[in-house]
Amino acid sequence: MIKSRPIHPDFQFLLALKDQELRDLFCDLREYILELYPESNELLYHTHALTAVFSISDKLTDAFCMLPIYTNHVNLGFNKGTLLKDPNKLLTGTGNLIRHIDVKQPKDYRNSKVKALIKEAIAFAIKDMDKPTKSVGKTVSKIKKK
């Protein structure tokens, strides 16, 4: 088994302010994504939500999915969700590109349909990338300290 990537201290500090149920869901879903694509870079933000973005490079434009944690829920977001095949109609949202899956429990993402969608998002991001990256498997905090 691959040793889990530690959560960045900037993110961990803010994550600790969330309810235990949300923290547990986030940590399990994060681990699941890192198992599916260990080479992903994790870009961390704190804007309207505390968010971990998973990218094939160090750029937000090359991201394949994200995990925003709101006050009462977690989403599995797909940065280019409108461009993905979604035969099972899993994705919701009305934005120009982003779509998401509401996450309330592990069975909402630990299944073959969502796994296939994540893998498709990864493949799409790799194909869509402008130029190869040298940044692999890193965690980068974009969280502004107060």
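The values are calculated or read from the model by the stated rules, or taken from the named source; none is laboratory data. Computed from a prediction, not measured in an experiment: that's the story for all the values here. For neighbour counting, all protein chains shown are included, and Cβ atoms are generated from backbone atoms with ideal geometry for every residue, glycine included.
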Residue satisfying condition, being surrounded by 16 or more Cβ atoms within 10 Å (Cβ to Cβ) and modelled with pLDDT of 95 or more, within set Ile69, Ile56: Ile69
Residue check, Val53 touching a helix residue (DSSP H, G or I) at 6+ places or on another chain (Cβ under 7 Å), among the β-branched types (Val, Ile, Thr), under 19 Å from Met129 (Cα atoms) and in contact (Cβ under 8 Å) with a residue 24 or more places away in the chain: yes
Hits in segment 105-134 (condition: at pLDDT 95 or above and more than 18 Å from Asn79 (Cβ to Cβ)): Gln105, Pro106, Lys107, Asp108, Arg110, Asn111, Ser112, Lys113
Selection status of Leu44, surrounded by 13 or more Cβ atoms within 10 Å (Cβ to Cβ), in contact with a His (Cβ under 7 Å, 6 or more places away or on another chain) and over 22 Å from Ala125 (Cβ atoms): no
Subset of segment 41-66 [part of a helix (DSSP H, G or I) and either of a type in the set (D, E, K, R) or closer than 19 Å to Asp10 by Cβ (or both)]: Leu60, Asp62
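So that you can scan it fast, the table gives a plain yes or no per residue for (1) of a type in the set (Val, Ile, Thr); (2) in contact with a strand residue (DSSP E or B) (Cβ under 8 Å, 6 or more places away or on another chain):
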site: Pro68; (1), (2): no, yes
site: Thr71; (1), (2): yes, no
site: Thr82; (1), (2): yes, yes
site: Asp86; (1), (2): no, yes
Hey, Thr94 free of Cβ contacts under 8 Å to residues at least 60 places away in the same chain, assigned to a loop (DSSP other than H, G, I, E, B) and either β-branched (Val, Ile, Thr) or touching a Gly at 6+ places or on another chain (Cβ under 6 Å) (or both) or not: yes
Residue within segment 81-89 that is under 14 Å from the mean Cα position of the chain (by Cα), among the β-branched types (Val, Ile, Thr) and surrounded by 12 or more Cβ atoms within 10 Å (Cβ to Cβ) present: no
Residue match in segment 17-40 (condition: part of a loop (DSSP other than H, G, I, E, B) and of a type in the set (Ser, Thr, Tyr)): yes
Condition check for Asp24: without any contact (Cβ under 8 Å) to a residue 12 or more places away in the chain and closer than 24 Å to Lys115 by Cβ: yes
Matching residues in segment 100-129 - criterion: being touching a residue at least 40 places away in the same chain (Cβ under 8 Å) and assigned to a helix (DSSP H, G or I): Pro106, Lys115, Ile118, Lys119, Ala121, Ile122, Phe124, Ala125, Ile126, Asp128
